[in-house]
Amino acid sequence: QVQLVESGGGLVQPGGSLRLSCVASGSIFMFNTMGWYRQAPGNERELVAAIASGSSTNYADSVKGRFTISRDNAKNTVYLQMSSLKPEDTAVYYCNLKQRRSIIGVPYEYWGQGTQVTVSS
């Protein structure tokens, strides 16, 4: 079984910065992508950023240039550095792990419990 534990959320003023962390534990396979999604009240959950085990990244257009995703494979940890935060970034942020045992293997997906990020003056 895999567990994802997030930390780093909180209240920040517009223009401020926060860093989210997510530690994965359990059986982590070589072929995986770790990412962050967010969900604001009344909205669908949306992808914020993702990073594959080979370090290729993908960002939502709304956060490009402001957010940076990175990972430490030795620690099975993914980070989301958020800068120039806006009120519309307010949401619950969820850590996500997608993985396969091999490049053609069955995909597995896991979610963290979520951490609240509130951007307000």
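The values are calculated or read from the model by the stated rules, or taken from the named source; none is laboratory data. From a predicted model like this one, the values you see are computed outputs, not experimental measurements. Cβ atoms come from the backbone with ideal geometry, glycine included; neighbour counts cover every protein chain shown. These area figures cover heavy atoms from the full protein model, side chains too; ligands, DNA and RNA do not enter into them. Shrake-Rupley method; radii C 1.70, N 1.55, O 1.52, S 1.80 Å.
Observations on the structure shown:
- Between the C-alpha center of segment 11-36 and that of segment 57-90 there is a gap of 8 Å.
- Whichever lysines have a C-alpha closer than 21 Å to that of K86, once near sequence neighbours (fewer than 8 apart) are set aside: K64
- Surrounding net charge for S83, when Lys and Arg each add one and Asp and Glu each subtract one, Cβ distance under 13 Å: +3
- Rounded to the nearest 20, the Cβ-based charge dipole of the chain about its Cα centre (Lys and Arg +1, Asp and Glu -1) stands at 280 debye.
- Annotation: the antiparallel percentage among DSSP beta bridges lying fully within the chain is about 95.
- Segment 24-121: relative contact order as a whole-number percent, Cα under 8 Å and 6+ apart: 29 percent
- Computed log₁₀ I(q)/I(0) - Debye formula, equal Cα scatterers, no solvent, the chain, q 0.15 Å⁻¹: -0.63
- Tail beyond 13 Å, pair distance distribution of segment 28-94 (Cα, percent): 64 percent
- Residues of type lysines that K98 reaches as a straight line, Cα spacing below 21 Å, ignoring anything fewer than 8 places off in the same chain: K75
- For segment 11-77, the relative contact order is 28 percent, taking Cα pairs closer than 8 Å that sit 6 or more residues apart in sequence and dividing their mean separation by the residue count.
- FRET efficiency, I103 to Q13 (Cβ-Cβ, R0 41 Å, nearest 0.05): 0.40
- Of the residues V106, F67, P87, the one whose Cα sits farthest towards the positive end of the charge dipole of segment 55-109 is V106 (charges of +1 on Lys and Arg Cβ, -1 on Asp and Glu Cβ, taken about the Cα centre).
- Assuming charge only on the beta carbon of Lys and Arg (+1) and of Asp and Glu (-1), the dipole of segment 42-81 about its Cα centre is about 140 debye to the nearest 20.
- Label-to-label distance, nm, for residues given as Q3 and L47 (7 Å Cα→Cβ offset): 2.9 nm
- Accessible area (Å², per residue) of segment 29-121, counting only protein heavy atoms and a probe of 1.4 Å: 54 Å²
- Accessible surface of the chain [probe 1.4 Å, protein heavy atoms]: carbon and sulfur percent: 49 percent
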